[in-house]
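Take a look at the structure below.
Taken together, the values in this text are just the output of simple stated rules run on the coordinates, not laboratory data. All figures in this text were calculated on a predicted structure; none of them were measured in a lab. Ideal geometry is used to build each Cβ from the backbone, glycine not excepted, and the neighbour counts take in all protein chains shown.
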Amino acid sequence: MAMDIAINGDNAVALAWKQIDPDVCAAYPITPQTIIVEKFAEYVANGEVSTEFVCVESEHSALTLCTASESAGARTFTATASQGLAYMWEMMPITAAMRTPLIMAVANRTVSGPININNDHGDAMSARDCGWLMLFSENVQQAYDNSIIAPRIAEHPDVQLPCMVNLDGFILTHAIERMTMVDTADVKKFVGEFRPVYPLLDIKHPVSHGNMDGPDFYYPHKCQSVTAMEKALEVCEEVFEDFRKITGREYHLLDEYRCDDAEFVAVILGSSFGTMKAAVDMLREQGIKAGCLMPRVYRPWPAAALAKALAGKKAVAVFDKHLSIGAYGPMFPEVVAACSDLDKLPKMFNVIYGLGGADATVAGFKKMMEDVASGAASKITYLGVKM
């Protein structure tokens, strides 16, 4: 039976893990992720799960152990944030290349320096080309739901890639919201038993993992991951539909809000999507046909879905919560590329906002979209900062 509870984002992720009951979890604490593994370690200590929990000496060790564990044939979860993800970076593309479908929660936090522990998307965006599936969450409910959905996508026989579940640090990780949990029996049935592909411990069918690849093999092996990502676009929609059937909550590659008749659309990720919805409602009251959308699935990049959603719009503002120094924000060129085959390309604007936890307000978003609608916006705007 579904039940409404009050819970913060970190504990919601830990609760989803508890209901799934993975075989192995290895992690190292780092703010604002620590609550996830603290709470899950409590479930382990109380005997509420059968998971083997390993306290490692670093984030690099955590992902190394998790990659080995998953390769051996164990469903494996971990979590990190910011510098912790940076410390894992050496293993990130290796984990993906070995086709190990482990799950990692990332409590999004800015990457130093200067030293800062608040929210932006610098950690996830710095790892976006490592070959991982990436899901983003607007609120605590979605952080919980994505944590249940992720294994179904990652472990699909046609995908077999690791998956990163992103939730905004402090804004979601520490904020208590009302959430509807799924019955544990339904979670277990939905996720299903783990069926590893080519596990190392299958002694009747010996395999080797992590081999040296020369030029004749490296390139085609990388392209196999590209094929898996392309297949994941279909798999995501299939899994979202299965999840809708048991919860009534509907998800897609893109979450759209008032976009059907919109002339001006904001593209944005994470908790800021909720803030932008409020700005859109106010703009509509003024007679400005605004809308907004969030790529729930950031990797694989939903290019075709974006092009369809943005076709015929007058202008599109891409809000990036990360700064690619010396270039546009990371999401902006990908949105432009997605729309490049449209008969008429909307006017494109890039907005950098919220770095290091800088305020992302309804008023600020509303004013920015007013400037986009009136033509007063610059090609790239550093919202809230005078350049």
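Using R₀ = 41 Å, calculate the FRET efficiency as 1/(1 + (r/R₀)^6) where r is the Cβ-Cβ separation of Asp21 and Lys314; round to 0.05.
0.25
Where does the chain land at 222 nm, in deg cm²/dmol rounded to the nearest 500, when only DSSP H runs of n ≥ 4 count, each adding -39500 (n - 2.57), divided by all residues?
Result for the chain, helices only: -12500 deg cm²/dmol.
Defining a contact as two alpha carbons under 8 Å apart and six or more residues distant in sequence, what relative contact order in percent does region 1-90 show?
35
Report the number of Lys pairs in region 3-247 whose alpha-carbons are under 30 Å apart, with separation of 8 or more residues or on distinct chains.
Number of lysine pairs found: 18.
Mind giving me the nanometre distance, one decimal, between the label points for Val362 and Asp260, set 7 Å out from Cα along Cα→Cβ?
Result for the modelled spin labels: 2.4 nm.
Output the 0 to 90 degree angle, nearest 10, between the alpha-carbon long axis of helix 272-285 and the longest principal axis computed from the alpha carbons of the chain.
For 272-285 against the chain, the angle is about 30 degrees.
Among bridges DSSP assigns within region 254-382, what percent are antiparallel (round to 5)?
Around 20 percent of the beta bridges assigned by DSSP in region 254-382 are antiparallel ones.
Which whole-number percent is the relative contact order of the chain (Cα, under 8 Å, 6+ apart)?
Averaging sequence separation for qualifying contacts and normalising by length gives 16 percent for the chain.
Take Ala185 and Asn116, extend 7 Å from each Cα along the Cα→Cβ direction, and tell me the distance between the two endpoints in nm.
My value for the distance between the label points is 4.9 nm.
For Lys347, which aspartates and glutamates qualify as cross-link partners when the Cα separation must be under 18 Å and same-chain residues fewer than eight apart are set aside?
Partners within reach: Asp260, Asp261, Glu263, Asp320, Glu334, Glu370, Asp371.
Quick one: 3J(HN,Hα) in Hz for region 44-53, Karplus 6.51/-1.76/1.60 with θ = phi - 60°, rounded, Gly and Pro as x.
Values, residue by residue: 5, 4, 7, x, 7, 9, 9, 5, 8, 9 Hz.
Fewest first, what order do Asp123, Asp261, Asp255 take by the number of other Cβ atoms within 10 Å?
With the fewest neighbours first, Asp123, Asp261, Asp255 line up as Asp261, Asp255, Asp123.
What are the semi-axes of the equivalent ellipsoid of region 3-247, taken as the square roots of 5 times the eigenvalues of the Cα gyration tensor, listed largest first and rounded to whole Å?
26, 21, 18
What is the fewest-to-most order of Ser271, Ser71 by other Cβ atoms lying within 10 Å of their Cβ?
Working: Ser271 28, Ser71 22.
If I rank by nearby Cβ atoms, fewest first, I get Ser71, Ser271.
What dipole magnitude, in Debye to the nearest 20, does the chain give about its Cα centre under +1 on Lys/Arg Cβ and -1 on Asp/Glu Cβ?
860
Over region 254-382, what number does the Rg to Rh ratio reach, with both radii from the alpha-carbon atoms and Rh per Kirkwood? Spell out each step's value before the answer.
Working: Rg = 13.2 Å, Rh = 14.3 Å.
Across region 254-382, the Cα-based Rg/Rh ratio is 0.92.
Work through the residues other than Ala14 whose Cβ is under 13 Å from its Cβ and net out their charges, Lys, Arg +1 and Asp, Glu -1.
With Lys, Arg at +1 and Asp, Glu at -1, the net is -3.
Of the options Phe264, Thr247, Val207, report the single residue whose Cα projects farthest towards the positive end of the charge dipole of the chain (beta-carbon charges: Lys, Arg +1; Asp, Glu -1).
Working it through, the farthest residue towards the positive pole turns out to be Phe264.
Considering the Cα trace of region 144-215, what is its radius of gyration and what is Dmax, both in angstroms?
17.4, 52
Do you know the relative contact order of region 254-382, to the nearest whole percent, from alpha carbon pairs under 8 angstrom that are 6+ apart?
Details: 233 pairs, mean separation 36.6, N = 129.
Over region 254-382, the number comes to 28 percent.
How many nm separate the modelled label positions at Ile94 and Ser374, each set 7 Å beyond the Cα in the direction of the Cβ?
Spacing of the two 7 Å Cα→Cβ label points: 5.4 nm.
How much length is gained if the chain between Tyr382 and Ile325 is pulled fully straight, taking 0.36 nm per residue apart and subtracting their Cα-Cα distance, in nm to one decimal? Write down the numbers at each step before the final one.
Numbers: separation 57, 0.36 × 57 = 20.52 nm, distance 1.21 nm.
Additional length available on full extension: 19.3 nm.
Taking θ = phi - 60°, what integer Hz values does the Karplus form 6.51 cos²θ - 1.76 cosθ + 1.60 yield along region 354-359, in sequence order, with x for Gly and Pro?
Karplus values, whole Hz, x for Gly and Pro: x, 5, x, x, 4, 4.
Once you charge only the Cβ atoms, +1 for Lys and Arg and -1 for Asp and Glu, what is the size of the charge dipole of region 137-271 about its Cα centre, to the nearest 20 debye?
In total the dipole reaches around 600 debye.
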